[in-house]
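The values are calculated or read from the model by the stated rules, or taken from the named source; none is laboratory data. All of these numbers come straight from a predicted model, not from anything done at the bench. FYI the Cβ positions are ideal-geometry reconstructions off the backbone, even for glycines, and counts take in every protein chain you see. In case anyone asks, the SASA skips ligands and DNA or RNA and just uses the protein heavy atoms, side chains included. Shrake-Rupley method; radii C 1.70, N 1.55, O 1.52, S 1.80 Å.
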Amino acid sequence: MTPEPHVPSYYAASIAAAAERPALGGDVRADVCVVGAGFTGLSAALELAERGYRVVVLEAERVAWGASGRNGGQIGSGYPSSMARLSRWVGRDDARRLFDLAEAAKALIRTRVERHDIDCELKPGNFQAALKPRHMEEIKATREFWSDTFGYQGLVLAESGAAALAYVNSPRYIGGLYDPGVGHLHPLKYALGLAAAAEAAGASLYEGSPVTALQGLGAGAGQVTAETPGGRVVADHLILCGNAYLGDLVPQIRRLYVPVGSYIVATEPLGEDRAAQVIPADCAVFDSNHILNYYRLSADRRLLFGGRSGTSPFREPDPKGFLGARIRVLFPQIADTSIDYAWGGTLAMTASRMPQVGRLGSRVTFAQGYSGEGVAMSGLVGQVLAEAVAGQMARFDLFDRLPHRAFPGGRMLQKPALALGLLWYSLCDLVP
Ligand SMILES: Cc1cc2nc3c(=O)[nH]c(=O)nc-3n(C[C@H](O)[C@H](O)[C@H](O)COP(=O)(O)OP(=O)(O)OC[C@H]3O[C@@H](n4cnc5c(N)ncnc54)[C@H](O)[C@@H]3O)c2cc1C
């Protein structure tokens, strides 16, 4: 099958032509078959190949065609769920362990970038911007809780709009929190680097190879078979990493998340001076709204600005329109700038806003639902899935202990429920 090209994003336009991989043809035997070549699948494949397993990765389109090749490139600390809420939910000990895993996820990116010499424009720092006093209270509480409970030091509080200007130059913010322990990168370059590293370690990657049927998902099955239009892989283990793009291939995991669209625009290059007038600290930025904006500068000094609209998920939004308008409000100093690229992608949102890592039968594992914060976590989770294949269960079990709750109302009501949820959160964001 001819794969679909990468979505026409700034990222796709700023890479050297990506190596093409063949489609699967005929029968192939493997120790482990990985479905999906995003960060999760590539990370699992790299770790397994380094451990000496025969790994086959089946990707429906191109490597990193899904969220991994299109996202905001922001590496965050912690999880989308607040750590205080998580502590109340799972207890302090497991919350501490989960926090440590999130720290390990950040470190893993740095290690892999260095070890595999991946040129992905990795830079330090992010800034959480506050738009209203309520946000400042939340930010201060987070800083205190992280410091007291997890010993996470180094967060710098910008207590006023004037202090925030050193990080991001918008008249709209009243303060914020700078985290030097995180950063941002070019996600497509990073994913392609992971793919090359996995291949160098011995993994076989196939593109244009959508898995259309699976056999052997049952508890006692001896082997698992993944079928594509051109062939099939028979493996001892199967790892499902299709995330929001897996669709209905495995209905029992599809009902556990809601697919949510997010959109990004890239301005024309601003030049060094104007870029420094927008984000002087050259860090990643996100605001504290529920329906938030996230942005950063590219290596060639464009503003990459993302978010979603609060309008109905039934209608395809116009990112140039609603994100362009938001840029003009936040940054009047570049109001005349033009937008060169606009694109969107789908992420998997879970009810708990925690990733879902679990098992289907004895030979099949899955991971999905990073709820908009998967750049770092998906890499760690891929490694954890590889550990599970090797029988090392401690980190896998920690995630697996989190209950996987389906969204109330089931599949039929997901779109209307999402529309209502977006409306609710848009209203909350309007409250001072
Ligand atoms: C617009 C946008 C912005 C985001 N910004 C950020 C951010 O700034 N920071 C952050 O931390 N997170 C962000 N995220 C989330 C982050 O990108 C994801 O959590 C992460 O990339 C998930 O990686 P993954 O490998 O699990 O899934 P994906 O990258 O979606 O990969 C899944 C792959 O599986 C393939 N696939 C699906 N079904 C099959 C099949 N049947 N057979 C074969 N292959 C199949 C797909 O083609 C796809 O390539 C963003 C997401 C989006 C959409």
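Structure data summary
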| read-out | value |
| --- | --- |
| Over the chain, relative contact order from alpha-carbon pairs under 8 Å, at least 6 apart, % | 24 percent |
| Cβ-derived FRET efficiency at R0 22 Å, Ala200 paired with Gln392, nearest 0.05 | 0.40 |
| Candidate lysines for bridging to Lys189, where Cα separation is under 22 Å - those fewer than 8 sequence places away on the same chain excluded | Lys106, Lys123 |
| Charge dipole magnitude, Cβ of K and R +1, D and E -1 - the chain, Cα centre, debye nearest 20 | 1020 debye |
| Ranked by how many other beta carbons lie within 10 Å on average, peptides 209-216, 272-279 from highest | 209-216, 272-279 |
| Computed magnitude of the charge dipole of the stretch 365-432 (debye, nearest 20; Cβ of K, R +1, Cβ of D, E -1) | 240 debye |
| Simple spin-label estimate for Ala419 and Glu227 in nanometres, 7 Å along Cα-Cβ | 3.7 nm |
| Lysines whose Cα lies under 25 Å from that of Lys132, excluding same-chain neighbours fewer than 8 positions away | Lys140 |
| Cβ-based net charge around Leu330, under 11 Å, with every Lys or Arg adding one and every Asp or Glu removing one | +2 |
| Top of Ala197, Ala16, Ala102 by mean-square fluctuation, Gaussian network on the chain, Cα under 10 Å | Ala16 |
| Max mean-square fluctuation residue, GNM over the chain, Cα-Cα springs under 10 Å, options Ala17, Ala195, Ala141 | Ala17 |
| Accessible area of the chain divided out per residue, in Å², using a probe of 1.4 angstrom | 40 Å² |
| Of the trypsin sites (Lys or Arg not before Pro) in the stretch 304-387, those whose Cβ has at most 14 other Cβ within 10 Å and which sit in DSSP loop | Arg315 |
| Most to least packed among 134-140, 346-352 [average Cβ atoms within 10 Å] | 346-352, 134-140 |
| Protein accessible area in the chain, 1.4 Å probe - carbon and sulfur % | 53 percent |
| 10 Å beta-carbon shell around Arg54, net charge (K/R +1, D/E -1) | -1 |
